[in-house]
């Protein structure tokens, strides 16, 4: 009887990510056949008109594994996960997901040394950004218009790159990345620091540096939005 109940529970979990929804979101479209990375072939179902098509059963399975890992990580309220996606198709959805979860994010460019040289970046940039934010808001009367403008420009310059990580407490418990091929510096720093990486990985990317891969289309907005939406929904429900 217990075995039957366990099976039913697994079936119910699988139904939360219907294959039809993955298909409708365009998660199945990979790159052209000529661009395939050999290590991604196990996640490919077929080629259609010169384009590889993902096996969505495997996509769903890997997405569920990634969600399970992130749920365990964020079960500890002290842990943080940095959400990274600087390509235009991903940036708005990365920011939205991270803000809903109260997590740090990067949507403009990866900050070199954010993990490998965190204490220096925190001291020279993150603390400075917080200080400038207060000064710009106060608009202290003794400053000239020129000084106030220079202060504002410096604030905006730092805000562009560091706004999403201004409350990063230290080395994160994990990274979530859209397109690890584009974000290779972030992946390299994470590996160097022993930080696990969860990523949406397309057919043209080497999956070996990634700890939890989600084999899916990382170029289409609808695909990225769907996957991030499912992750966000699952994590919020767990919390």
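Put simply, of 127, 160, 122 the only residue that is outside the structural domain of residue 202 (by TED's automatic domain parsing) and without any contact (Cβ under 8 Å) to a residue 12 or more places away in the chain is 127. For the criterion of being under 24 Å from residue 167 (Cβ atoms) and surrounded by fewer than 18 Cβ atoms within 10 Å (Cβ to Cβ), residue 92 passes.
Return the residues of the stretch 187-231 that are surrounded by 20 or more Cβ atoms within 10 Å (Cβ to Cβ), part of a helix (DSSP H, G or I) and within 12 Å of the chain's Cα centre (by Cα); say none if nothing qualifies. Residues satisfying the conditions are 187, 224, 227, 228, 231. The helices (runs of 4 or more DSSP H) found entirely in the stretch 33-150 that carry 1 or more residues being modelled with pLDDT under 95 and in contact with a helix residue (DSSP H, G or I) (Cβ under 9 Å, 6 or more places away or on another chain) are 127-138.
Scanning the stretch 71-95 for residues that are farther than 15 Å from residue 108 by Cβ and within 11 Å of the chain's Cα centre (by Cα) yields one hit, 81.
Does residue 180 fit the bill of being without any contact (Cβ under 8 Å) to a residue 60 or more places away in the chain and farther than 23 Å from residue 102 by Cα? Quick ask: steps written out before the conclusion?
Details: without any contact (Cβ under 8 Å) to a residue 60 or more places away in the chain: yes; farther than 23 Å from residue 102 by Cα: no.
So residue 180 does not fit the description; no.
Does the stretch 116-129 contain any residue that is under 17 Å from the mean Cα position of the chain (by Cα) and at negative phi? Scanning the stretch 116-129, I find no residue that is under 17 Å from the mean Cα position of the chain (by Cα) and at negative phi, so the answer is no.
The values are calculated or read from the model by the stated rules, or taken from the named source; none is laboratory data. The shown structure was predicted, so the numbers you read here are calculated from the model rather than taken from an experiment. Cβ sites come from the backbone with ideal geometry, for glycine too, and all protein chains shown count toward neighbours.
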